[in-house]
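Before any comments, here is the structure.
The numbers here are math on the coordinates, done by the rules we state, and not lab data. Keep in mind it's a predicted model, so treat the numbers as computed, not measured. We place every Cβ from the backbone using ideal geometry, glycine too, and count neighbours over all the protein chains shown.
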Amino acid sequence: MAGSNGLFLPQQQQPEPQKQKPLQTHYPSPDRLVAIGDLHGDLDKSKQAFRLAGLIDASDRWCGGSTTVVQIGDVLDRGGEELKILYFLEKLKREAVKCGGQLITLHGNHEIMNVEGDFRYVTPKGLEEFDVWAYWYGVGNDMKSLCHGLEKPKDPFHGIPLSFRGVPEKFYHSIRSRIAALRPDGPIARRFLANNVTVLVVGDSVFVHGGLLDKHVDYGLEKINEEVRDWINGLMGRRAPAYCKGRNAVVWLRKFSDELAKNCDCSLLEHVLATIPGAKRMIMGHTIQEIGINGACDNRAIRIDVGMSKGCINGLPEVLEINRNSGLRVLTSNPLYQNQTKSYADGGRKDSLGLLMPEHGPKQVETGHAIRYLSQFVVGFSIGFNSVWQLTLLTLAVVPLIAIACGAYTIIMSTLSEKGEAAYAEAGKVAEEVICQQIKRLKAIFLYMKSKFVEKLE
């Protein structure tokens with residue numbers, strides 16, 4: 001072969017493309033298995049959940065030993081730290097393997113949506129984060145293009161429109177960046193999403209973001225995992241496989257996660273589990289459980305999405321722990337339960353179920369949430385009162401003396417010191433959080449009472 005400089009060089013053999021190793025769908029029961037729900041772009045809450053389960057130390061390094069961890073999907077959307085979480089999870093995967101553990105991540109419906117270019121739930125900060133990524137990715141490509149002999153870097157923006165109908169111009173570049181990163185064969189999609197599984201079986205537990213129907217099992221769990229990976233790697237066109245779209249899709253199904261007991265199709269769930277050898281339960285995310293992690297259908301359905309992200313309901317982190325003997329328990333950040341042993345039994349054994357994982361009832365942890373926030377308010381007010389007497393205004397603002405409070409507000413705010421302003425602002429934040437959280441708790445209790453009322457009517 002003649003080179004451009006006139007030298008004759010031997011013909012170089014092109015290496016054959018390596019076939020990807022099949023994704024593992026079935027795993028044996030580990031000594032300790034931890035399941036973590038939807039994270040939705042909230043890095044701080046994500047770390048809280050991992051720390052709650054004793055999986056990371058104060059420096060965010062893996063300390064979970066040989067624990068197997070399953071994250072149920074929905075890392076993307078609703079928050080502005082999506083890429084940070086993806087890098088965080090990738091780092092933990094590597095550290096876990098070195099310690100004999102493993103972290104397995106699943107696809108949620110929001111991963112599928114983003115790869116398809118559906119950005120309905122993206123936040124402005126989420127767009128900004130991908131803008132920053134695009135800048136540095138471009139810098140990297142520019143550096144590569146300066147290295148003679150390397151293949152010219154692929155333009156990640158190739159084929160992406162310059163503008164979008166109905167979208168403000170200021171978001172054009174951000175949306176183009178997100179499409180470039182996450183579309184099939186996009187750099188972020190290939191690196192962080194392609195090797196996620198869509199369905200997972202660990203011991204006697206089946207993990208899926210939305211839920212499984214018998215038609216999905218008949219189609220083949222391994223086949224689903226492989227095809228979704230091929231699609232994300234750009235080998236199957238732009239559109240997601242049919243079983244990932246629609247209300248009966250594996251990442252969208254809600255038949256087994258509705259908070260109303262009568263809406264959970266227990267006979268169907270039992271039939272589906274019977275088609276998967278050794279399966280005792282299905283563990284799902286996707287549908288926020290305002291009452292926290294709970295079980296349904298004689299605990300064959302475990303729902304673990306607690307809406308912990310600030311972009312959802314800002315719920316207190318909770319994680320599910322399963323030991324080799326099939327003993328289950330919920331680890332919660334609620335201080336009410338910090339010193340209590342909370343076990344969770346399978347099937348007919350329901351000794352501890354009322355305390356920890358009730359079937360469709362607001363568990364005691366709801367009362368704990370209320371106590372926590374009210375105590376925060378009272379303690380915060382007391383501390384503030386000792387140093388800044390003007391915080392008595394807060395009391396006036398939450399009782400019927402609003403007119404007096406408004407008058408006092410004008411006078412006092414003009415005389416507050418810097419310290420007083422800071423304390424007042426902090427107390428206001430606490431009061432706002434109290435009100436919001438109590439509304440959510442009341443809603444959860446209302447849903448429970450409604451389900452019981454409907455059951456009696458039937």
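Side notes on the structure shown:
- Formal net charge of residues neighbouring Thr67 (Cβ-Cβ distance under 11 Å; K, R +1; D, E -1): -1
- Efficiency of FRET between Arg94 and Ala58 - r from beta-carbon atoms, R0 25 angstrom, step 0.05: 0.85
- Residue-count net charge about Gly37 - beta-carbon cut-off 11 Å; Lys, Arg +1, Asp, Glu -1: -2
- Fewest-first ordering of Met284, Met143 by other beta carbons within 10 Å of each residue's beta carbon gives Met143, Met284.
- A cut-off of 5 Å between modelled amide H atoms, ignoring neighbours fewer than 5 places along the same chain, links Leu253 with Gly210, Gly211.
- As a calculated quantity, the FRET efficiency between Met236 and Lys125 at R0 = 30 Å, using C-beta atoms, amounts to about 0.45.
- Among Leu162, Leu268, Leu52, Leu106, a tally of other beta-carbon atoms within 10 Å of each Cβ gives an order, fewest to most, of Leu162, Leu268, Leu52, Leu106.
- Additional length obtainable on full extension of the chain from Leu150 to Asn323, 0.36 nm per residue less Cα span: 57.3 nm
- For the stretch 23-32, 3J(HN,Hα) per residue [Karplus equation, 6.51 cos²θ - 1.76 cosθ + 1.60, θ = phi - 60°, Hz, x = Gly/Pro]: 5, 7, 9, 10, 10, x, 5, x, 4, 9
- Shape of the stretch 151-304, Cα gyration tensor, a/c cut at 1.5: prolate
- Net charge, Gly126 excluded, C-beta distance under 12 Å - Lys, Arg +1, Asp, Glu -1: -2
- Remark: the Cα gyration tensor places the stretch 55-170 in the oblate category, a/c being 1.5 or greater and a/b not exceeding b/c.
- ³J(HN,Hα) computed for each position of the stretch 237-249 - Karplus, 6.51 cos²θ - 1.76 cosθ + 1.60, integer Hz, glycine/proline x: x, 8, 8, 5, x, 4, 6, 9, 10, x, 5, 9, 6
- Likely footprinting exposure, Glu321, Glu270, Glu129, fewest C-beta neighbours within 10 Å first: Glu270, Glu321, Glu129
- Each label point was placed 7 Å from the Cα along the Cα-to-Cβ direction; for Asp31 and His271 their separation is 4.1 nm.
- Across the stretch 296-306, computed HN-Hα scalar couplings (Karplus, 6.51 cos²θ - 1.76 cosθ + 1.60, θ = phi - 60°) run 9, 6, 6, 6, 7, 10, 10, 10, 10, 7, 9 Hz from first to last residue, x flagging Gly and Pro.
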